[in-house]
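Engineer: What follows is a single structure, and I will ask about it in a moment.
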Amino acid sequence: MQKGTRRNIFVAATYGATLLLGLILGQNYADQQGKNPSSSLVPIGFSDNSYKIQQVLDLLSNTYVDSLNLDSLQNGAINHIVSHLDPYSSYLLANESQAQSEALEGTFEGIGLEYFNLNDTLLVVGLITNGPSEKAGLKVGDRIITIDSTQVSGRNIAQKVVDRLIRGKKGSGVKLYVVRDSVLMPSPYKVIRDQVSVSSIDVAYLIKPTVGYIKVRRFGLKTAEDFRQSITELKKQGAQSLILDLRDNGGGYFHIAIRLASEFFNEQKVLVYTRGAHENKREYFSDGNGVYTDGKLVVLINEYTASASEIVAGAVQDWDRGTIVGRRSYGKGIVQEQFDFSDGSRVNLSISRYYTPLGRSIQKKYTANWSSMIDYSSMYNGLWMLDTTFAHAQIYRTMAGRELFSGGGISPDIEISIDSNAVSVLYQQISQSSYLEQFVYERFTKKLPAYSIENFLQGYHLPQQEYIAFLAYLKDRNIVIDDRKGKDLLELIQSDIEAIVGRYYFGREAYFKVKNRYDNYVEQAIRILIATDPAID
């Protein structure tokens, strides 16, 4: 997604929706453009009925029998119209817009603490390194009893209430009363809120002596910068090959994806181009100054790899720069730009389609079902029916002669078969609940271990009796697993529990290191790299 530089511009009529133009431009548009003429656009597509919706709102305001919340009506009307354009254009209220910006920019004002509500007590399960909470002296394992004067323990308090108590303006203070090692600390910890940064790089480490592994969660404002630092450090440690994990990465900023993809090329090459009904063709090139231009590269993708992630994978594949491993990506090939309103709300508007260097469109086909009355809030739901077939796919050839196809996402070079156990209803029910975390935090958090993370990763495996105890734990919560299914799910659940234990003891990095020990995608990537470099072991 490109972050727009134009502010307070109500623009949608350029896409043929005169009705939307009438709603968005209206009298508010005229008022704001009078105050800020430098941001004005020449409207296209006006008709005598362009202001019909604004006239209806005025009519309701002046004559309707009951008092109305016109802001709510207007928001609903905008959301309804924008949701009919395509699956990805969206209208966000001010709080939703702020949450999206914080997620993409990787910064927020808070105390840098991660908690889990364990039996109505807030258990500290993670701290941002050098963040406000860590600086104030809090530790993983602390149990928060009171926030300022509000008791939060034993009250079944809602998460949004806790977040409201903890969040606040930079420089303001909050007092946390905690129990540590079953003892109430004599005085509260005063934490001064600050700007907290969270990297969109989940983990970067040597998975083998000469193989680096980097997992990118999303393409945020600092992702390219963080990636460059990570790969530079891995090279210093001896990395000669790289596994780039883009699984479950739903995208982010378009221009950041371009910057990250540039790191794989030592000359200027087209990485992607865009074109729309009101956007001329525009090519985006690598800058020729990549820091990882020669080493072997494997990119991991799955069905939740989307948008900006598909730009990176498509460029790597089209230029034969690396091997794509996994399952066919989601297939979102439309770019949105942000248009912000003065009240903090925002329209994310689709402005163009993007194409890989060979000219492949990876966008799934979609058709509008105007009679559908369903939830528009999810990118994967809404009123859009997506055609994911390759019935009319066009064939392209790379410089190395490989055949690639357009439409319906990026197809991997090496496909990983679906694990029927991982996608089973039973496992999804377990993994999407909080039972795994509850089990771990109830049984494994009495005290921190005396051994190192290296010893943990090399030597710790969940004892069989603990797995049996977890199955009994599930049975008490009306999830009954028979012996056969218990054997089928053993490895999956073992890895989940071990990873959560590792994260609690040693931090976020340990979680991914543990999960990668059992990961078929990662194993396949390493086999590919070994095939080209037998020295890897």
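The values are calculated or read from the model by the stated rules, or taken from the named source; none is laboratory data. Predicted model only: the values in this text are computed from it and were never measured. Heads up, the Cβs are rebuilt from the backbone with ideal geometry, glycines too, and the neighbour counts pull from every protein chain shown. Side chains included, ligands, DNA and RNA excluded: accessible areas come from the protein's heavy atoms. Shrake-Rupley method; radii C 1.70, N 1.55, O 1.52, S 1.80 Å.
Engineer: Of the numbered conditions (1) in contact (Cβ under 8 Å) with a residue 60 or more places away in the chain; (2) in contact with a helix residue (DSSP H, G or I) (Cβ under 8 Å, 6 or more places away or on another chain); (3) over 30 Å from Val316 (Cβ atoms); (4) not polar (S, T, N, Q), Ile416 satisfies every one except a single condition; which is it?
Structural biologist: If we test Ile416 against (1) in contact (Cβ under 8 Å) with a residue 60 or more places away in the chain; (2) in contact with a helix residue (DSSP H, G or I) (Cβ under 8 Å, 6 or more places away or on another chain); (3) over 30 Å from Val316 (Cβ atoms); (4) not polar (S, T, N, Q), just (3) comes out false.
Engineer: Which residues, counting only those in segment 437-455, are under 13 Å from Ile497 (Cβ atoms) and free of Cβ contacts under 8 Å to residues at least 40 places away in the same chain?
Structural biologist: Correct list: Arg443 only.
Engineer: To continue, here is another question. Residue check: is Leu113 closer than 16 Å to Asp194 by Cβ and not basic (Lys, Arg)?
Structural biologist: Here the answer is yes, as Leu113 does meet what is asked.
Engineer: Looking only at residues in segment 270-281 that are in contact (Cβ under 8 Å) with a residue 12 or more places away in the chain and out of contact with any Pro (no Cβ under 9 Å at 6 or more places or on another chain), which one is nearest to Ile256 (Cα to Cα)?
Structural biologist: Ranking the qualifying residues of segment 270-281, first place goes to Thr274.
Engineer: Also, quick follow-up: For segment 363-410, give me each residue that is under 24 Å from the mean Cα position of the chain (by Cα), open to solvent by less than 40 Å² (accessible area, probe 1.4 Å) and modelled with pLDDT of 50 or more.
Structural biologist: Gln363, Lys364, Gly407, Gly408, Gly409, Ile410
Engineer: Which residues, counting only those in segment 462-490, are acidic (Asp, Glu) and surrounded by 13 or more Cβ atoms within 10 Å (Cβ to Cβ)?
Structural biologist: Glu466, Asp488 - these are the residues of segment 462-490 that are acidic (Asp, Glu) and surrounded by 13 or more Cβ atoms within 10 Å (Cβ to Cβ).
Engineer: Quick one: which of Ser47, Ser38 is surrounded by fewer than 17 Cβ atoms within 10 Å (Cβ to Cβ), in a helix (DSSP H, G or I), of a type in the set (Ser, Thr, Tyr) and modelled with pLDDT under 85?
Structural biologist: Ser38
Engineer: Being in contact (Cβ under 8 Å) with a residue 40 or more places away in the chain, open to solvent by less than 10 Å² (accessible area, probe 1.4 Å) and of a type outside the set (A, V, I, L, M, F, W, C): is that true of Tyr189 here?
Structural biologist: no
Engineer: Could you go through segment 318-333 and let me know if any residue there is over 18 Å from Gly252 (Cβ atoms), part of a strand (DSSP E or B), of a type in the set (Phe, Trp, Tyr) and modelled with pLDDT of 95 or more.
Structural biologist: Checked against the condition, which is being over 18 Å from Gly252 (Cβ atoms), part of a strand (DSSP E or B), of a type in the set (Phe, Trp, Tyr) and modelled with pLDDT of 95 or more, segment 318-333 yields no hits at all.
Engineer: While we're looking at this one, here's another question. Among the candidates Gln465, Gln428, Gln458, which residue alone is part of a helix (DSSP H, G or I), within 23 Å of the chain's Cα centre (by Cα) and free of Cβ contacts under 8 Å to residues at least 12 places away in the same chain?
Structural biologist: Gln428
The rows are residues; the columns are (1) open to solvent by 20 Å² or more (accessible area, probe 1.4 Å); (2) in a helix (DSSP H, G or I); (3) of a type outside the set (Val, Ile, Thr).
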| residue | (1), (2), (3) |
| --- | --- |
| Ala499 | no, yes, yes |
| Gly502 | no, yes, yes |
| Tyr511 | yes, yes, yes |
| Lys515 | yes, yes, yes |
| Tyr518 | yes, no, yes |
| Gln524 | yes, yes, yes |
| Arg527 | yes, yes, yes |
| Ile530 | yes, yes, no |
| Ala535 | yes, no, yes |
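Engineer: What are the pairs, 6+ residues apart or on separate chains, where a residue within segment 313-324 that is at positive phi has its Cβ under 7 Å from a residue that is open to solvent by 40 Å² or more (accessible area, probe 1.4 Å) and of a type in the set (A, V, I, L, M, F, W, C)?
Structural biologist: Within 7 Å, the pairs are Asp320/Met399; Asp320/Ala400.
Engineer: While we're on this one: Can you work out which of the residues in segment 198-231 that are touching a strand residue (DSSP E or B) at 6+ places or on another chain (Cβ under 9 Å) and more than 19 Å from Asn249 (Cβ to Cβ) is surrounded by the fewest Cβ atoms within 10 Å (Cβ to Cβ)?
Structural biologist: Leu206
Engineer: Quick check: anything in segment 232-249 among the polar types (S, T, N, Q), within 15 Å of the chain's Cα centre (by Cα) and open to solvent by less than 30 Å² (accessible area, probe 1.4 Å)?
Structural biologist: Yes: segment 232-249 contains one or more residues that are among the polar types (S, T, N, Q), within 15 Å of the chain's Cα centre (by Cα) and open to solvent by less than 30 Å² (accessible area, probe 1.4 Å).
Conditions (1) part of a strand (DSSP E or B); (2) open to solvent by 10 Å² or more (accessible area, probe 1.4 Å); (3) of a type in the set (Lys, Arg); (4) closer than 22 Å to Ala239 by Cα, marked per residue:
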residue	(1), (2), (3), (4)
Ala261	no, no, no, yes
Phe264	no, no, no, yes
Gln268	no, yes, no, no
Val272	yes, no, no, no
Tyr284	yes, yes, no, no
Gly288	no, yes, no, yes
Val299	yes, no, no, yes
